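The values are calculated or read from the model by the stated rules, or taken from the named source; none is laboratory data. All values derive from a computational prediction rather than experimental measurement. Cβ atoms come from the backbone with ideal geometry, glycine included; neighbour counts cover every protein chain shown.
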Amino acid sequence: MPFNFKVEGMDKLLKDLEKIGDVPQRHVTAAVKKGVKPVLKDAIANAPEDTGALKKGIIMVGERSYKSRGKKVYRLVFDRSMNHIFQKESAGNTQFRMYHGYTRSEKDPRWEKKISYYPISQEYGFFAKNGRYIPGFFFGHGALKNNTRTVETTIVSEMQKKIDAEIVKAGLK
């Protein structure tokens, strides 16, 4: 179901962009980073807290784009340095093999390690050992959904400030 929306101040921003030509990449990066920070804060605040590792592990990472100037993307990801906490071998896999009395065979796919990733199971949910579905918290999706308008307005207003400063600096106003 498509929907239309209008970002306040976008028309003025586009006109000012035409005046100065190319946008300095540092302005785009700073504006987008400031716009995404509320999403990061919301995701950290709503993440489930058992040991606190999940909240500490949510970080913002910028995409490296060498081909597209004037573009910057930030993603919320889980810190790779904490994978020793987040990744564990699924217990059900080992129990299944032991219960059914399987002997180890290199070609038997039942002997492959199955790794569970804790942050993803908390975001989307998982199946418990008894087969019951445990729903996820959707803390990442909820953070983006709740702050979409804030992100848009922050990015546009920050870019407008930076571009106005560039126009004044270049003497175009």
> Considering Lys88, Lys113, which residue is modelled with pLDDT under 75, touching a strand residue (DSSP E or B) at 6+ places or on another chain (Cβ under 6 Å) and of a type in the set (D, E, K, R)?
Replying inline: Lys113
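Pull up region 50-76, narrow it to residues that are hydroxyl-bearing (Ser, Thr, Tyr) and over 17 Å from Pro38 (Cβ atoms), then point me to the one that is surrounded by the most Cβ atoms within 10 Å (Cβ to Cβ).
Ser65
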